[in-house]
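Chemist: Below: one structure in structure tokens.
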Amino acid sequence: MIRVIIILFLLTKSVNAECKYSATADVINDKLVNKKETYVCKEEKSFFVKFWTEEEWSKTATMTFLFILENL
């Protein structure tokens, strides 16, 4: 049970994202026309995703996976 809790804790992470909001519109007769809103967020990949996908961690990920399979 403790293993499951630890795994879930490692897989979940609070999201820290840089978000930028911008809006543009045309004003005709004191009314907004053609309003366009843009909301862009840039998020960092979680450690779990980096661990399995980036070249820096590829050998470590492979050895970890093999170690877990061997010990099951």
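Just so you know, all these numbers are worked out from the coordinates, no wet-lab data involved. All of these numbers come straight from a predicted model, not from anything done at the bench. Using ideal geometry, Cβ is built from the backbone for each residue, glycine included, and neighbour counts are taken over all protein chains shown.
Chemist: Determine which aspartates and glutamates satisfy two conditions relative to Lys36: a Cα distance under 15 Å, and not lying fewer than 8 residues away in the same chain.
Modeler: Here the aspartates and glutamates satisfying the reach criterion relative to Lys36 are Asp26.
Chemist: Separate question: List the aspartates and glutamates whose Cα sits under 18 Å from the Cα of Lys20, skipping any in the same chain fewer than 8 residues away.
Modeler: Within the straight-line cut-off, Lys20 pairs with Glu37, Glu43, Glu44.
Chemist: Let me ask something additional. Which of Ile2, Ile68 comes first, and how do the rest follow, when ranked by fewest Cβ neighbours within 10 Å?
Modeler: So the residues, fewest neighbours to most, are Ile2, Ile68.
Chemist: Work through the residues other than Cys19 whose Cβ is under 11 Å from its Cβ and net out their charges, Lys, Arg +1 and Asp, Glu -1. Each step should come with its number before you reach the end.
Modeler: Working: positive: Lys20, Lys42; negative: Glu18, Glu43.
Within the 11 Å Cβ shell, the charges total 0.
Chemist: Tell me, what HN-Hα J-couplings in whole Hz come from the Karplus equation 6.51 cos²θ - 1.76 cosθ + 1.60 at θ = phi - 60° for each residue of the stretch 55-70, using x for Gly and Pro?
Modeler: Those phi angles translate into 5, 4, 9, 4, 5, 5, 5, 4, 5, 5, 4, 5, 5, 5, 4, 5 Hz.
Chemist: Now for a different question. Reported to two decimal places, what Rg/Rh ratio describes the stretch 16-71 when computed on Cα atoms with Rh from the Kirkwood expression?
Modeler: Using only Cα positions, Rg/Rh for the stretch 16-71 is 1.48.
Chemist: List the lysines whose Cα sits under 23 Å from the Cα of Lys50, skipping any in the same chain fewer than 8 residues away.
Modeler: Within the straight-line cut-off, Lys50 pairs with Lys13, Lys42, Lys59.
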